[in-house]
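Participant: Here it is: the structure, laid out below.
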Amino acid sequence: MLHNGRAARRQTMRAIRPRRSGALPLLVLWWAGTAAVAALWWQNTPVVHVDLTEWLLGAGRLTGLLGGYTIAVVVLLMARVPALERRVGSDRVTRWHATSGRYGVGLVIAHVPLTVAGYAAQANSGFVAQTVTTVTTFPRMMEATAGTVLLLMIGFVSAGAVRRRMRYETWYYLHLLTYAAVYLSFWHQLATGAEFVGNATARTAWYALYGTAGALLVWYRVLAPVRLNRRHRMRVERVVPEAPGVVSVLITGQRLHRIGAQPGQFFRWRFLADGLRWSSNPYSLSAPPRPDLLRITVKANGEHSEALAGLEPGTRVWAEGPYGAMTAARRSREKVLMIAGGAGITPMRALFETLPGGPGDLTLLYRASKTEDLALWKELRAIASARGAQLLYAVNGPDGVRPEITPQRLRELLPDIDEHDVFLCGPDGLARQSYEALREAGVPTRRIHHESFEM
């Protein structure tokens, strides 16, 4: 069924003027902050002595400062600020969060032994004895120790090899202890940090840094979702089977078009039913939003997605979002190729219906294991027919051989492939193969729009 695609196209019908990604300015700002923190350390270190004790203490102070700054960035990246999510992309923000978390934990790991070793050398005492003295006598050190232990635990469970063996819900709730770790460690930084004792400007800047990160976190992770769900009061209308292991969940509510969701975006959904209320997973919209209806289409890939097939009409829904940058705003050319595989068809189906374009401008290539796995196929055919768009599919042969997406094949399908924008969504293997083929076929990186939802 077509979901108000004409109205959705009118909303995006304008001169093609893509937004530039906000990634580069934010990275520049991030590194400028790092430089400012290093400058603060340098300003408070008028003389660098050759003495080992001074080197250890200086390195301990520097790694502590950089660790504190990086942890504040980690909190900021956990806030799911809409401007950041939409301009940079949720998957990239998630990668930044993971990377900065690793750096932050690494700096804290370096800070502790360097500082204790420096104090031990200064007091001419053993490392263990100095550790006990530092923890029990220095101000705010008991809290800092507890916070450090929590950070190390969170870093351990977030390591790829460990996380893959854990239930997502277990990892998620353990990850929330980051907030407690940050709170416990923050006061130690101000109480014992040489750069802050007696320096009101530095203390004010540090309060502002952590205060801004905390305020954004509370607003966008707590208050904004409460406001959204109280205003729109969403419930499950019904669940519709689409293909083997694939269902669509239709969600009703009040004035849903005012949420501001765009085709290509996703929400984090929590269904208040037995076995589901404590987990929140990202699923894309598979149709343009209507004032009274949102739709997601979900492939069973785990316990949460499998359980959605059993949702009862009337089940209350709690949503956070919308998130994601893979929208019409990324488009820079008249012609667009969409490549989808697996659950990646859901945002592509919404974009296929709503991206502005005339006959021949849009092409959708749908990759699946077999023809019965082509979810939403009737809808896609209807959209293609109504819009004069090209709809292609690639499924495994009778012998199970996978058709490869190659530069040569892409040029055969679209001789002017290098003049297209490409929206790409699917499993990592498909995404990597398609990206490499597109680059070799002449499509610039800036015109390949990909967002992964495997978070």
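Participant: Would you mind finding the one in 59, 72 that is open to solvent by less than 50 Å² (accessible area, probe 1.4 Å), free of Cβ contacts under 8 Å to residues at least 60 places away in the same chain, in a helix (DSSP H, G or I) and of a type in the set (A, V, I, L, M)?
Facilitator: 59
Participant: What is the number of the single condition among (1) in contact with a Ser or Thr (Cβ under 7 Å, 6 or more places away or on another chain); (2) part of a helix (DSSP H, G or I); (3) charged (D, E, K, R) that residue 306 does not meet?
Facilitator: Exception for residue 306: condition (1).
Participant: Mind counting the residues in segment 11-25 that are assigned to a helix (DSSP H, G or I), open to solvent by 60 Å² or more (accessible area, probe 1.4 Å) and modelled with pLDDT of 50 or more?
Facilitator: Selection size over segment 11-25: 2.
Participant: From the residues in segment 371-393 that are hydroxyl-bearing (Ser, Thr, Tyr) and under 20 Å from residue 299 (Cβ atoms), which one is modelled with the highest pLDDT?
Facilitator: 393
Participant: Evaluate the following for residue 424: is it open to solvent by less than 10 Å² (accessible area, probe 1.4 Å), out of contact with any Cys (no Cβ under 6 Å at 6 or more places or on another chain) and within 30 Å of residue 159 (Cα to Cα)?
Facilitator: yes
Participant: Where in segment 218-302 are there strands (runs of 3 or more DSSP E), lying wholly inside it, with at least 1 residues that are of a type in the set (D, E, K, R) and either at positive phi or open to solvent by 50 Å² or more (accessible area, probe 1.4 Å) (or both)?
Facilitator: Counting at least 1 such residues, we get 235-243, 293-299.
Participant: With the requirement that a residue be in contact (Cβ under 8 Å) with a residue 60 or more places away in the chain and on the phi > 0 side of the Ramachandran plot, what does segment 372-425 give you?
Facilitator: Hit for segment 372-425 is 376, nothing else.
Participant: Go through segment 144-167 residue by residue and tally those that are over 19 Å from residue 70 (Cβ atoms), in a helix (DSSP H, G or I) and open to solvent by 60 Å² or more (accessible area, probe 1.4 Å).
Facilitator: 1
Participant: Based on this model, can you work out whether residue 128 counts as more than 17 Å from residue 193 (Cβ to Cβ) and either out of contact with any Phe, Trp or Tyr (no Cβ under 8 Å at 6 or more places or on another chain) or modelled with pLDDT of 95 or more (or both)?
Facilitator: Yes.
Participant: Something else: Return a yes/no flag: does segment 381-395 have any residue that is open to solvent by less than 40 Å² (accessible area, probe 1.4 Å) and aromatic (Phe, Trp, Tyr).
Facilitator: The answer is no, given that none of the residues of segment 381-395 is open to solvent by less than 40 Å² (accessible area, probe 1.4 Å) and aromatic (Phe, Trp, Tyr).
The values are calculated or read from the model by the stated rules, or taken from the named source; none is laboratory data. Every value quoted in this text rests on a predicted model; they were computed, and no experiment measured them. Cβ coordinates were reconstructed from backbone atoms using ideal geometry, including for glycine residues, and neighbour counts include every protein chain displayed. Side chains included, ligands, DNA and RNA excluded: accessible areas come from the protein's heavy atoms. Shrake-Rupley method; radii C 1.70, N 1.55, O 1.52, S 1.80 Å.
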